[in-house]
1. For the stretch 141-151, take each phi angle, set θ = phi - 60°, evaluate the Karplus expression 6.51 cos²θ - 1.76 cosθ + 1.60, and give the result in whole Hz per residue in order, putting x for glycine and proline.
2. Using alpha-carbon positions, what is the distance between the centroids of the stretch 159-206 and the stretch 237-259, in Å?
3. Could you point to the residue in Pro121, Val168, Tyr265 farthest towards the positive end of the chain's charge dipole, with +1 and -1 charges on the Cβ of Lys/Arg and Asp/Glu respectively?
4. Fewest Cβ neighbours within 10 Å first, please rank Thr253, Thr77, Thr159, Thr111 accordingly.
5. To the nearest 20 debye, what charge dipole does the stretch 60-173 have about its Cα centre, counting +1 at the Cβ of each Lys and Arg and -1 at the Cβ of each Asp and Glu?
6. Check the straight Cα-Cα distances from Lys250 and name the lysines below 29 Å, setting aside those fewer than 8 residues away within the same chain.
7. Multiply the residue separation of Asp228 and Lys189 by 0.36 nm, subtract the distance between their alpha-carbon atoms, and state the gained length in nm to one decimal.
8. Near the amide H of Glu174, under 5 Å away, which other amide H atoms are found, from residues 5 or more places off or on another chain, if H is placed in the peptide plane?
Amino acid sequence: MKAPSFQYHRAASVQHGLELIREFAGTGKFMSGGQTLMPMMNLRLAAAEHLIDVGALPELRETREAGRRAFVGGGVTHAMVEDGKVRDPARGLLAHVAAGIAYRSVRNRGTMGGSLAHADPAADWPCALRALDAVVVIRGADGERELPLADFQRGLMETALGEDELLVGVLLPELSPKARWAYRKFCHKVGEFAHSICAVVHDPELRFANVVLGAAADKPVRLANLCDYLAQGMTAGAVGGAQYAGALRKDLTEAAGLDPTTYDYQLHQTIVTRSLAEALQK
Ligand SMILES: Cc1cc2nc3c(=O)[nH]c(=O)nc-3n(C[C@H](O)[C@H](O)[C@H](O)COP(=O)(O)OP(=O)(O)OC[C@H]3O[C@@H](n4cnc5c(N)ncnc54)[C@H](O)[C@@H]3O)c2cc1C
């Protein structure tokens with residue numbers, strides 16, 4: 001199947017893109033890498049009369065220091081991160097995540113901003129960046145606003161973005177040398193979306209501990225009991241112990257809504273446990 005006909009517009013700047021989307025009032029869509037939007041339009045799961053291409057805008061490919069945080073532009077591709085063309089404030093986590101997304105041809109064009117805006121619960125950036133307490137930077141007619149990623153992704157492919165707003169980038173913490181992380185995902189074959197993802201980030205200096213599960217619910221789920229345990233000094237030896245098992249079960253059943261008698265529960269339990277064990281051994 002092919003997409004219904006549409007008009008293609010290449011935005012000359014972020015400002016121009018925002019003007020175009022307002023001009024087409026409700027009939028336009030931004031396109032970054034087109035790696036999700038085009039297949040969805042071909043399958044007639046998404047439609048737009050006007051596509052506004054913001055993919056190659058230098059403004060959206062910018063990365064810079066922003067106080068104690070790092071700003072990564074929404075147009076940065078997965079391949080740019082994988083290849084180390086973007087400074088990694090998360091001490092290698094970003095490059096590790098990028099290298100595991102889809103195939104190289106998808107990574108060459110797909111962007112961090114496009115992935116966050118699409119908000120697939122099984123996608124990599126929403127889960128990994130949630131574990132970094134990322135903040136999303138959004139620009140619209142009324143200027144710029146910042147929103148924690150936790151509040152940005154509202155549900156299955158649903159975000160806080162307005163129709164005429166552009167995700168211009170994300171703000172990420174500069175992890176300290178004491179930080180440790182792990183990121184694991186399970187797929188039946190390389191390049192497909194994950195059946196389970198777990199991102200663990202623990203930085204005692206920044207005082208944050210996050211364990212986030214992806215591909216289990218309608219959006220990434222922060223496993224609060226395990227996060228608390230991690231923050232309180234959980235050790236690698238504690239993984240598998242009674243306190244660990246209790247916290248894990250509570251999180252998987254209550255926060256992620258999983259049924260302990262199912263294959264999915266066993267799968268997510270295994271991925272979380274392996275991720276935590278790996279992070280704690282670092
Ligand atoms: C075969 C295949 C396998 C894949 N496997 C994986 C995988 O394993 N893990 C994974 O995470 N992803 C995977 N993906 C998805 C891929 O990472 C996409 O690149 C990504 O989800 C969307 O990024 P994009 O830049 O291509 O966005 P686009 O396709 O251009 O846009 C996606 C959506 O976001 C909107 N949008 C785009 N940019 C912006 C912006 N700056 N502001 C506001 N709205 C915007 C668009 O209007 C559209 O609704 C796969 C894709 C394919 C085709």
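Computed from the coordinates by the stated procedures, all read-outs in this text should not be read as laboratory data. This one's a predicted model, so the numbers in the text were calculated from it and none came from an experiment. Every residue, glycine among them, receives a Cβ derived from its backbone with ideal geometry; neighbour counts consider all protein chains shown.
1. Taking θ as phi minus 60°, the curve returns 4, 8, x, 10, 9, 10, 9, x, 4, 4, 9 Hz for the stretch 141-151.
2. 21
3. So the residue furthest toward the plus end is Tyr265.
4. Values: Thr253 13, Thr77 27, Thr159 22, Thr111 30.
Sorted ascending by nearby Cβ count, the order is Thr253, Thr159, Thr77, Thr111.
5. Numbers: 14 positive and 16 negative charges, 103 e Å.
That gives a dipole near 500 debye.
6. Leaving aside lysines fewer than 8 places away in the same chain, those within reach of Lys250 are Lys178, Lys185, Lys219, Lys282.
7. 10.7 nm
8. Ala70
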